[in-house]
1. Among the candidates 140, 110, 186, single out the residue that is within 16 Å of the ligand (Cβ to nearest atom) and of a type outside the set (A, V, I, L, M, F, W, C).
2. Please give the number of the condition residue 369 fails out of (1) of a type outside the set (Lys, Arg); (2) touching a residue at least 40 places away in the same chain (Cβ under 8 Å); (3) open to solvent by 40 Å² or more (accessible area, probe 1.4 Å); (4) within 30 Å of residue 307 (Cβ to Cβ).
3. Quick one: what pairs do we get from the range 445-468, first residue among the charged types (D, E, K, R), second assigned to a helix (DSSP H, G or I), C-beta under 6 Å, 6+ apart or different chains?
4. Could you list, in sequence order, all residues of the range 423-474 that are of a type in the set (D, E, K, R), assigned to a strand (DSSP E or B), within 27 Å of the chain's Cα centre (by Cα) and buried (at least 17 other Cβ atoms within 10 Å of the Cβ)?
5. Evaluate the range 290-304: report whether one residue or more is within 16 Å of the ligand (Cβ to nearest atom), among the aromatic types (Phe, Trp, Tyr) and open to solvent by less than 40 Å² (accessible area, probe 1.4 Å).
6. Has the range 233-240 got any residue that is open to solvent by 10 Å² or more (accessible area, probe 1.4 Å), closer than 25 Å to residue 128 by Cα, outside the structural domain of residue 682 (by TED's automatic domain parsing) and out of contact with any Pro (no Cβ under 9 Å at 6 or more places or on another chain)?
7. Which one of the conditions (1) away from the ligand (no atom under 16 Å from the Cβ); (2) touching a helix residue (DSSP H, G or I) at 6+ places or on another chain (Cβ under 8 Å) does residue 335 fail to meet, given that it meets all the rest?
8. Within the range 594-606, count every residue that is modelled with pLDDT of 95 or more and open to solvent by 10 Å² or more (accessible area, probe 1.4 Å).
Amino acid sequence: MATTQVPGTESGELDSARIARGAEARDAGTTISTVSLSRETLDEADARAREIEQQLTDDERFSLIFSVMGHVPGGLAGPRDPRIPEDLENMSAGYTPGVPRLGIPAIQSSDASMGITNPGYRPDDKGATAFPSLIALGASFNPQLVREGGEAIAREARIRGFNVQLAGGCNLARDPRNGRNFEYFSEDPYLSAVLAAEQVNGIQSQGVVSTLKHYTLNCNETNRHWLDALIDPVAHRESDLLTFQIAIERSQPGSIMSGYNKINGEYAGGNRHLLNDVLKDAWGYKGWVMSDWGATLGWEFALNGLDQESGAQADRVMWGKEPFTSDLKEAYTSGKLPKERLSDMVRRILRSLFAVGADNWGSAPPVDMDRHDAVALEGARQGIVLLKNDGVLPLASDAPLKIAVIGGYAQQGVISGTGSGAVSPVGGFAGVIKIGGAGVMGKHRNLFLFAPSPLEELKKAFPKAQFDFDPGYTPAEAALTAKRCDVVIAFGIRVEGEGFDSVDLSLPWGQDAVIDAVATANPNTIVVVETGNPVSMPWRDKVRAILEAWYPGQSGARAIADVLAGRVNPSGRLPITFPESLAQTPRPELPGLGTPWGSAVTIDYNEGAEIGYRWFAKKGAKPMFAFGHGLSYTTFEYSDLKVSGGETVTASFDVKNVGKHAGADVPQLYLTDAAGEKRMRLLGFERVTLEPGENRRITLGADPRLLARFDGEVGKWSIAEGAHQVAIGKSAADLVLRGDTYLSARQFGV
Ligand code: BGC
């Protein structure tokens with residue numbers, strides 16, 4: 001079985017020729033390397049920002065600290081904002097006029113993390129590469145591949161004149177109902193941080209500023225503008241904040257976008273503690289904080305750490321507020337907003353533009369759409385998780401099988417998530433089915449389909465097979481088709497997206513009943529699921545294999561067919577725990593579900609830092625499929641674990657492919673016990689591709705903060721003295737090798 005790889009993505013080596021400038025850092029002992037902007041580049045950018053800022057007039061300063069949305073007929077932005085020049089070809093989510101006399105470019109920002117979106121701002125745009133959802137890339141556990149995707153997205157941004165990409169979604173998947181989990185990488189702080197950092201590094205290496213979002217604890221969509229997310233501040237530092245902290249350190253993103261919700265009573269965009277005390281003071285973040293669109297409730301946000309109001313018209317729609325600059329100007333004149341703070345806001349923006357060279361673009365690097373498609377395809381292949389396989393897969397590609405393909409619009413395409421991150425591919429969607437719903441995002445809630453369809457790709461992958469398609473309209477009808485075939489490939493889909501949480505873990509439109517009926521009619525049933533979150537799969541014991549394909553992007557159908565036919569050996573691992581039911585999760589009931597748009601909601605994230613697999617370990621509960629789980633067509637064995645201590649834990653072990661096929665594995669290093677306290681933490685991972693019989697020694701070192709507790713009193717991390725037990729696992733619930741080492745007590749900042 002041959003797997004097709006994008007050159008450079010599997011080697012663990014970065015192609016330095018593609019990186020304009022940068023410093024390479026390696027984690028102690030791991031082979032995950034990162035290349036971000038160098039210290040010299042950042043220092044130069046700082047110095048230039050200081051010098052240029054001094055030459056600005058106050059009017060110019062004020063014009064730089066807010067952005068307006070491009071005009072869409074009938075859209076949120078209302079009439080075209082006069083600041084947007086008549087001859088501007090590509091409008092997008094944000095426009096801020098530049099200051100040409102000082103070489104400051106106009107700032108144009110575009111969504112998002114899965115490609116360049118086109119929500120009607122650019123009627124002539126021919127479409128962009130629609131990459132897999134971030135949760136699919138999370139399942140690849142492949143930082144280099146995420147980086148390649150970031151580079152490709154930035155190249156497509158540049159040819160449209162966009163110098164800020166609103167990518168880098170790194171909220172933690174705390175709740176399997178969250179509508180936006182598909183825009184985030186995982187439930188784990190370290191995995192999410194490493195991957196988000198590589199997306200930022202990829203984007204910024206091409207001269208485009210990247211963003212990490214949504215700072216922070218923006219973990220549910222239910223009435224998100226009125227949502228107060230409560231969390232213990234110490235647990236927050238050890239989870240969602242640690243994600244941002246590590247991602248910032250590894251990538252120096254030019255901007256951070258705050259979220260819509262409140263955190264412990266203060267709106268994210270004006271949360272003095274999180275923005276000033278933590279982000280800027282404790283961590284020394286020097287880029288700019290932009291608000292989310294329609295999330296600036298008052299000029300005081302500027303005092304509390306917000307540097308730029310985004311999509312100013314959305315604040316008018318949401319809160320009836322004029323852009324905050326008018327109030328800010330008044331505050332400035334009356335001395336309530338110090339001159340130094342205004343200058344600081346502007347310097348941060350300039351520094352980030354200068355650091356990536358957005359003021360000095362020259363000609364855009366060439367865009368090779370075929371290559372970008374290859375990156376998208378590789379992301380889909382590496383992100384697909386084989387959840388269950390009793391040996392039925394891979395299906396023999398040369399057998400004259402009668403295959404029933406059922407449901408999920410599999411005759412038309414693969415689906416995507418909805419909301420501001422949805423990308424329209426080259427040639428347009430294969431179909432758009434309007435779903436609708438409440439609130440400002442209701443009219444954007446659509447089922448989007450990308451061609452080619454799974455049915456088409458399956459026909460290519462199984463040239464001798466005979467296909468029978470049934471739309472899965474009713475269980476009885478689907479069962480009739482299933483009965484007359486040798487094998488059934490049933491598709492289950494669920495549209496998730498911005499502005500909505502799912503009510504439960506079922507598949508909509510009666511699909512669970514359809515799958516159940518076809519599995520009853522034909523015991524050779526394989527299910528392919530396209531979702532942004534775990535689903536309950538009540539039929540799982542009746543089917544022979546299950547593939548979680550997520551929202552796999554424009555080349556997803558090909559990737560699905562490749563895995564089913566064994567042309568690609570599946571290697572994705574779950575970046576989110578699949579519970580047996582919501583009863584196993586920290587919040588069986590989601591506060592606010594069912595309340596009308598505009599209702600105040602409080603969600604207490606009282607699981608603290610014990611998210612996902614950590615929660616299951618704490619409760620001793622067994623999930624349906626654990627974090628890190630994913631099957632392969634070959635078998636890997638681990639042996640010879642050596643663990644050493646000192647400043648941190650370092651673990652070395654052998655991974656061997658003892659099966660018959662080449663394939664990639666993702667061994668995971670977990671902390672299981674810290675000086676007598678049971679504590680489950682992913683400390684490291686490595687994606688490794690091995691030929692049959694090949695053995696590789698892997699060494700993984702841990703970020704010491706993952707071994708520590710944050711001491712809120714002194715603002716430091718502290719490691720407890722004693723034996724620290726670790727394990728090498730195939731998942732958080734399948735720990736294969738165990739070892740321990742002694743760590744001495746120590747405290748450290750930041
Ligand atoms: C989303 C952001 C997005 C922004 C601009 C908001 O609705 O929350 O993620 O970047 O819109 O489109």
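The values are calculated or read from the model by the stated rules, or taken from the named source; none is laboratory data. These figures come from a predicted structure and were not determined experimentally. Glycine also receives a Cβ, built like all others from the backbone with ideal geometry; neighbour counts cover every protein chain displayed. These accessible areas exclude ligands, DNA and RNA; they are computed on the full protein's heavy atoms, side chains included. Shrake-Rupley method; radii C 1.70, N 1.55, O 1.52, S 1.80 Å.
1. On inspection, the qualifying residue turns out to be 110.
2. (4)
3. Pairs that qualify, where the first residue is among the charged types (D, E, K, R) and the partner is assigned to a helix (DSSP H, G or I), are 457/557; 457/558; 457/561; 468/481.
4. Hits for the range 423-474: nothing passes.
5. Within the range 290-304, one or more residues are within 16 Å of the ligand (Cβ to nearest atom), among the aromatic types (Phe, Trp, Tyr) and open to solvent by less than 40 Å² (accessible area, probe 1.4 Å).
6. No, that holds for no residue.
7. The single condition residue 335 does not satisfy is (2).
8. Qualifying residue count, the range 594-606: 5.
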